[in-house]
Amino acid sequence: MLETLKNAWKIAELKQKLIYTLFILLLFRIGSAIPVPFLEPGVLKTFISGDNNWLGYIDLLSGGAFSNSTLFALGISPYITASIVIQLLAVAIPALENLAKEGEEGRKLLNKYTRYATVALAALNATAYYFLMRNQGALVYTEGWQQIFSAVVIIISFMAGSMLVMWMGEQIDNKGIGNGISMILFAGIVSRAGAMVSALITQIYLAINGIMKYYFIVPFTILLFLAAVVFIVVMTNAERRIPVQYAQRVVGRKMYGGQSTHIPIKVNMSGVLPVIFASSILSIPGTIAGFMTVDPNGFMGKVLGLLNYDHWFYAIFYFFLIMAFNYFYISIQYNPMEIANNLRKNNGTIPGIRPGKPTADFIARVVGKVTVVGGIFLAVIAIGPILLSNLLGMNISLGGTSIIIVVGVALDTVRQLESQMMMRHYKGFLE
């Protein structure tokens, strides 16, 4: 990874993209430190530090901006949710499905609709967070016209911050190294690394002072983290190769084809997006609850209790959502019939499989099996720490999702840099 970054830095164009991406991420971190007026952040931080793990997760993805009530408190979540909604509608509504097939112009229109949906969801989230902060006593003004004015300022500030974060992600896609949404999430999670290291140092100090349980917790946490990173790297690079044989053909006086190759099918074709999508969906009930004062013994309170990050029901629901989004994302990105038609046009065949529909069916079966393995891999990494938290009483329920996002984004970024260097025939990389 470091070697790839070093080689990319030597290419002027890639160097500019890297610098631009770092500049956008720096702006994101600056915006995450700008406080929204008329709020007392200490109140919300105390509330989040309790048993409200769903708010802790939102705070984690925003890089601490939510608990500090800053400009980018909403983070990239509204844009992610809007992308999910538009992709789902593109499957259900024929007009949107046709737009998705129209190439660049169709994608531009879909992106435009996604932005509109982001504005609506940002308004909903901002209003919900305002009522949440009002219920928790985080408002400076609580009476008269001052309260109305402060409410308008707070909601508009949150919405504006969300729009800026969306714009930053798109700028990374257009002028940076790409993968803008994931890069924003990456920056937010990595910014909390200092707090995580500080907590680990505190545990080491407690172990040195003779508290016996930390003799087990500290090394187990470190080993679990390293094992998770290795497992993610191995499974992300794993692939199922379908052999392909191209027939020989004569063009003029020359003979072409006759070589053997393969179609690589990645085990984790969808990357970290199913985990991000599933996490965004599971945060919706907590967002809706921000409109009201929830009775812990009432129906809404019990529902939120089931969807806490340390509850077994949350883990099961999380598993099914990850599997569903993994299937959904791969189904819209991977078309077996199109691959089969391209093979037939280029005189390529899969040994033992007839061209046409049998080839498409075979590819679909292979993709289906690989999708199951990839979905289980994502679910194990995301849900494993939650289950361990319940079994061992350790507060690591948020660690799995964070690790898979950070490692996945790092691998995707390196892969994109390598592909761009290959397109430029970079001599140092090819050697």
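What follows is calculated from the coordinates using simple rules that are stated; it is not laboratory data. Note that the structure is predicted; figures quoted are calculated from it, not measured. Positions of Cβ are generated from backbone atoms using ideal geometry, with glycine treated the same way; all protein chains shown enter the neighbour counts.
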Would you mind checking the tilt of helix 144-175 against the longest principal axis of the Cα atoms of the chain, expressed as 0 to 90 degrees and rounded to 10?
-> 20 degrees
Cα centroid separation - the range 1-51 against the range 161-177, whole Å = 12 Å
Given 401-414, 149-162, 337-350, the highest-first ranking by average Cβ count within 10 Å works out to 401-414, 149-162, 337-350
Just for the Cα atoms in the range 192-236, what are the lengths along the principal axes, largest first, rounded to whole Å?
-> 40, 22, 9
Do the alpha carbons of any pairs in Lys17/Lys108; Lys175/Lys345; Lys108/Lys357; Lys112/Lys175; Lys101/Lys357; Lys101/Lys369 sit beyond 24 Å of each other, and which pairs?
-> Lys175/Lys345; Lys108/Lys357; Lys101/Lys369
In µm²/s, what is D for the range 26-163 at 20 °C and 1.002 mPa s, where D = kT/(6 pi eta Rh) by Stokes-Einstein and Rh is the Kirkwood radius from Cα pairs?
-> 133 µm²/s
Which of the peptides 31-40, 353-362 is most tightly packed, and how do the rest follow, judged by the mean count of other Cβ atoms within 10 Å per residue?
-> 31-40, 353-362
Which three lengths, in whole Å and largest first, does the chain cover when its Cα atoms are put on their principal axes?
-> 87, 56, 49
Ranked packing of 126-136, 89-99, most packed first, by mean Cβ within 10 Å | 126-136, 89-99
If one builds a Gaussian network model of the chain from Cα atoms under 10 Å apart, the most fluctuating residue listed among Met269, Met183, Met196 is Met196
Proximal aspartates and glutamates relative to Lys6, as straight alpha-carbon distance under 12 Å, when same-chain residues fewer than 8 apart are discounted | Glu418
Please compute the net charge surrounding Ile405, taking Lys and Arg as +1 and Asp and Glu as -1 over other residues with Cβ under 13 Å from its Cβ.
-> 0
